[in-house]
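Novice: Pasting a structure below so you can have a look.
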Amino acid sequence: MTDRDAFLQRLAAGMHQGFALDWHHNGASHAWPGQALWARAARIKTRWRRSKLLPGARVAVNIPNSPAYVAYMLACWMGGWTFCPLPKLHPRETRRRLQRLQPALWIHYSAQRLQEIPCNGHTQEDQDAALIMWSSGSMGAGNAYRLSFAALQWQMDTHLPALQPSTESLFWNTLPWAHVFAGVLELLTASMAGSVIRVETQRSRSTPPDCTHLCTVPRIARLLDQQQIHALEGGIIGGAPIGDRLAAQLQGSKLRVGYGQTEAGPGITLGHPGEFAPFMLGYPLVQCTIAGETLHYQSPGQADAYLGMTGWLPMLQPQGWRNSGDEVRQDPDGCLYWLGREDGGFSLADGNSVRPEVEESRLMDQYPEAESIVLGAPGARHLHAVVKVSEAQKAAFIRAWQEPYLLQIPEQTFWAQAPAPQGKPSRRWLYENWPA
């Protein structure tokens, strides 16, 4: 039995023993049992085979979390095609990624219709790849990484016992599945456990009353109150540093801190339930070493290559280590704490060096209504704060701001030009296009 067959067999068991998508769209609730999603995927697979879509071809998909997303993912795996999800991006960045992927099929929403567009891509040498996922690229445009079925199997073997979901569990979805954190540790975990995922197309600021599990980032967790946090039975808070205030809120809950990267597939550390401290990453699930202050790791669940202009390129350093780019320290108990990114620092005009991430985390704790806060000062002597906040909250945010940094809140048209408007802001793009 191949790795793909073993993974699909395990996934099918969970999909048929209780998994369901509780999809809330345009004010109405739609229940999609796992059996119905599996049957829909099988019909798509049959249709694609009749259209001569060759095994090994890449299928690029740009659609929101929905029954269609799950069905297309399953259809790809049933038919031996590689699933390549793309998040919502600036059109220029979408074109760049499609040029790199060279898919045989491109599926996206256009004029409120789901369209399947045949492309020129052919069978690729993706070596039994399950997913091609893109990193957020905080300093650059991001890379595409190949995750095998064996890597996904390791992630499930590692995280299912820790999260302990069951057929009675309800996951509340807050993140796009096109990003590896939610796409693996939420969607696949819930699917294999036979749990329910509630997806709301209009985001709510509070958890559903019967929610039991949550996998999300600190920006979302900051919006929850103590009662909501401590009612949860499990989940992971990861994807960004956790500051003092949020760590205090999460302390004693049943949630865990987690750390990983797209190229790590995504989890390489995990904390104990309810154990939180500022900038804590958790305990290594894999082999780790610290060179200087930089974390290097080896994981059975990591990507095996990234996609360059000429095809797949190896990622590993000598002896199989992978440089995470994160600077860390480790306490005597083995727990890792985040210090910053190797590429995150810069210098002011007076020559003083600045590492902004810790202060940005404090600001995000202090002002949870902000989608992102980035400190910088290209060519200046003093730090400025560029903030992304909704128009509805802009006036109140300005009144509440009591920090020693010049506040800049660009119009939404500014963010629309960013190469990655969803998720983490691209620091490199912001530094090059710093608002006047």
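Novice: Specify which of the listed residues (L131, L98) is part of a strand (DSSP E or B) and either of a type in the set (A, V, I, L, M, F, W, C) or surrounded by 23 or more Cβ atoms within 10 Å (Cβ to Cβ) (or both).
Specialist: Working: L98 fails: part of a strand (DSSP E or B).
One residue alone meets the criteria, L131.
Novice: So, one more: Just name the residue that is farthest from the chain's Cα centre (by Cα) out of those in segment 292-336 that are surrounded by fewer than 14 Cβ atoms within 10 Å (Cβ to Cβ), within 22 Å of Q99 (Cβ to Cβ) and of a type in the set (G, A, S).
Specialist: G311
Novice: Looking only at segment 269-285, how many residues end up being modelled with pLDDT of 95 or more, part of a loop (DSSP other than H, G, I, E, B) and either closer than 23 Å to S136 by Cα or open to solvent by less than 20 Å² (accessible area, probe 1.4 Å) (or both)?
Specialist: Qualifying residue count, segment 269-285: 4.
Novice: Given R256, R245, R222, which one is basic (K, R) and surrounded by fewer than 19 Cβ atoms within 10 Å (Cβ to Cβ)?
Specialist: Numbers: R256 fails: surrounded by fewer than 19 Cβ atoms within 10 Å (Cβ to Cβ); R222 fails: surrounded by fewer than 19 Cβ atoms within 10 Å (Cβ to Cβ).
Being basic (K, R) and surrounded by fewer than 19 Cβ atoms within 10 Å (Cβ to Cβ) holds for just one of R256, R245, R222, which is R245.
Novice: When the residues of segment 359-400 are narrowed to those that are loosely packed, with under 15 Cβ neighbours inside 10 Å and in contact with a Leu (Cβ under 8 Å, 6 or more places away or on another chain), which ends up modelled with the highest pLDDT?
Specialist: The qualifying residue modelled with the highest pLDDT is I398.
Novice: Closer than 20 Å to T174 by Cα, in contact (Cβ under 8 Å) with a residue 12 or more places away in the chain, of a type outside the set (D, E, K, R) and crowded, with 18+ Cβ neighbours inside 10 Å: does that describe M73? Please lay out each step first, then the result.
Specialist: Details: closer than 20 Å to T174 by Cα: yes; in contact (Cβ under 8 Å) with a residue 12 or more places away in the chain: yes; of a type outside the set (D, E, K, R): yes; crowded, with 18+ Cβ neighbours inside 10 Å: yes.
Taking the combined requirement at face value, the residue satisfies it.
Novice: Take residues that are farther than 29 Å from T123 by Cα and tell me which of the strands (runs of 3 or more DSSP E) falling wholly in segment 2-62 contain 3 or more. Please lay out each step first, then the result.
Specialist: Details: elements: 20-25, 28-33, 58-62.
Counting at least 3 such residues, we get 20-25, 28-33.
Novice: Does segment 76-92 hold any residues that are open to solvent by 10 Å² or more (accessible area, probe 1.4 Å) and either over 16 Å from the mean Cα position of the chain (by Cα) or closer than 23 Å to H122 by Cα (or both), and which are they?
Specialist: M78, G80, P87, H90, P91, R92
Novice: Another one. Does segment 196-204 include one or more residues that are closer than 19 Å to L255 by Cβ, of a type in the set (S, T, N, Q), open to solvent by 30 Å² or more (accessible area, probe 1.4 Å) and touching a Phe, Trp or Tyr at 6+ places or on another chain (Cβ under 9 Å)?
Specialist: yes
The values are calculated or read from the model by the stated rules, or taken from the named source; none is laboratory data. Because the structure is a prediction, the values reported are computed rather than measured. Cβ atoms come from the backbone with ideal geometry, glycine included; neighbour counts cover every protein chain shown. The protein model used for the area step is the full one, side chains on, heavy atoms only, and it has no ligands, DNA or RNA in it. Shrake-Rupley method; radii C 1.70, N 1.55, O 1.52, S 1.80 Å.
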